1. Of the conditions (1) surrounded by 14 or more Cβ atoms within 10 Å (Cβ to Cβ); (2) modelled with pLDDT of 90 or more; (3) closer than 19 Å to Leu86 by Cβ, Ile156 satisfies every one except a single condition; which number is it?
2. Can you name the residue in region 163-188 that is hydrophobic (A, V, I, L, M, F, W, C) and over 16 Å from Thr105 (Cβ atoms) and, of all such residues, is modelled with the highest pLDDT?
3. Among the residues that make up region 198-205, is at least one of them crowded, with 16+ Cβ neighbours inside 10 Å, at pLDDT 95 or above and not β-branched (Val, Ile, Thr)?
4. Please specify each residue of region 134-151 satisfying the condition of being assigned to a loop (DSSP other than H, G, I, E, B) and surrounded by fewer than 16 Cβ atoms within 10 Å (Cβ to Cβ).
5. I'm checking my understanding of the structure. Among residues of region 113-133 that are without any contact (Cβ under 8 Å) to a residue 12 or more places away in the chain and outside any loop (DSSP other than H, G, I, E, B), which one is farthest from Gln77 (Cα to Cα)?
6. Confirm whether Ser32 is loosely packed, with under 11 Cβ neighbours inside 10 Å, modelled with pLDDT of 70 or more, farther than 30 Å from Ile181 by Cβ and polar (S, T, N, Q).
7. Among what's in region 120-154 and is of a type in the set (Asp, Glu) and more than 27 Å from the chain's Cα centre (by Cα), pick the residue that is farthest from Ile188 (Cα to Cα).
8. Filter region 85-112 for residues that are in a helix (DSSP H, G or I) and closer than 17 Å to Lys190 by Cα and give the result.
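The values are calculated or read from the model by the stated rules, or taken from the named source; none is laboratory data. As the structure is a computational prediction, the values presented were derived from the model and not from experiment. Here Cβ is always computed from backbone atoms with ideal geometry, including for glycine, and neighbour counts include all displayed protein chains.
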Amino acid sequence: MILHAASIAAFFVQQAPQPQCIVKCVQGAPDSWLKWLLPTIVQTVVSLASITAGVVIAVWSLHATSHRDHKRWVLDQKRAEWRELLVGLSETFREYMPPYMSDETAQKFIQDVGNIQRRTDRVTMPFIFIAQYLEDQKFHSRIEEFRALMVEQGEIMQDILVYNHFPGQANSVLQDAYDLIVENYDEIIKFTRGVAEKDMVLNLKNDNKQ
């Protein structure tokens with residue numbers, strides 16, 4: 001009887017519906033868009049930074065080179081103008097103010113006064129790059145003072161040659177008047193050479209600093 005009951009119980013256990021084991025696949029959270037986009041962003045930023053740095057360096061280098069080239073060009077123009085001025089003054093000196101020999105030298109000088117004035121006008125007018133420096137150094141004032149002296153001493157020589165008030169001293173007076181003119185013009189040439197050297201040295205120092 002006991003076995004029969006056990007058999008019946010076993011039968012019902014087998015027939016009872018078994019609980020179903022349902023395994024649900026839990027889907028993981030979707031990958032964040034930053035996970036795959038971040039490397040691209042970083043690479044883009046790095047690339048842009050490199051390009052920007054390259055552009056900045058190139059622009060700076062171009063600017064520095066252009067500025068340096070411009071300074072050197074200005075320096076070359078100044079050098080050319082100083083040379084032109086000194087050559088012009090020296091040529092005028094050699095042509096119109098030779099060493100005094102006799103009253104003929106004084107006569108020739110009196111005839112050349114107008115030519116000297118015109119030559120100094122042409123020599124001192126056309127400059128651009130050294131014009132302000134010449135003005136600062138009172139160069140044109142020195143030229144005007146020389147012209148006034150030239151006219152004054154020329155009139156003295158003219159009077160001596162025409163009237164010859166002092167026959168025994170005429171040649172000495174003529175030479176003194178002429179020598180004063182020559183000495184003053186020679187001082188202008190030396191002065192101009194000195195300010196030219198000073199200007200060029202200052203510009204070279206400034207150029208080397210840069």
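1. Of (1) surrounded by 14 or more Cβ atoms within 10 Å (Cβ to Cβ); (2) modelled with pLDDT of 90 or more; (3) closer than 19 Å to Leu86 by Cβ, only one is false for Ile156: (3).
2. Ile188
3. no
4. Going through region 134-151, the residues assigned to a loop (DSSP other than H, G, I, E, B) turn out to be 137-138.
Passing the criteria: only Lys138.
5. Gly114
6. Spelling it out, it is not the case that Ser32 is loosely packed, with under 11 Cβ neighbours inside 10 Å, modelled with pLDDT of 70 or more, farther than 30 Å from Ile181 by Cβ and polar (S, T, N, Q).
7. Here the answer is Glu152.
8. Within region 85-112, the subset in a helix (DSSP H, G or I) is 85-96, 103-112.
Within region 85-112, Leu85, Leu86, Val87, Gly88, Leu89, Ser90, Glu91, Thr92, Phe93, Arg94 qualify.
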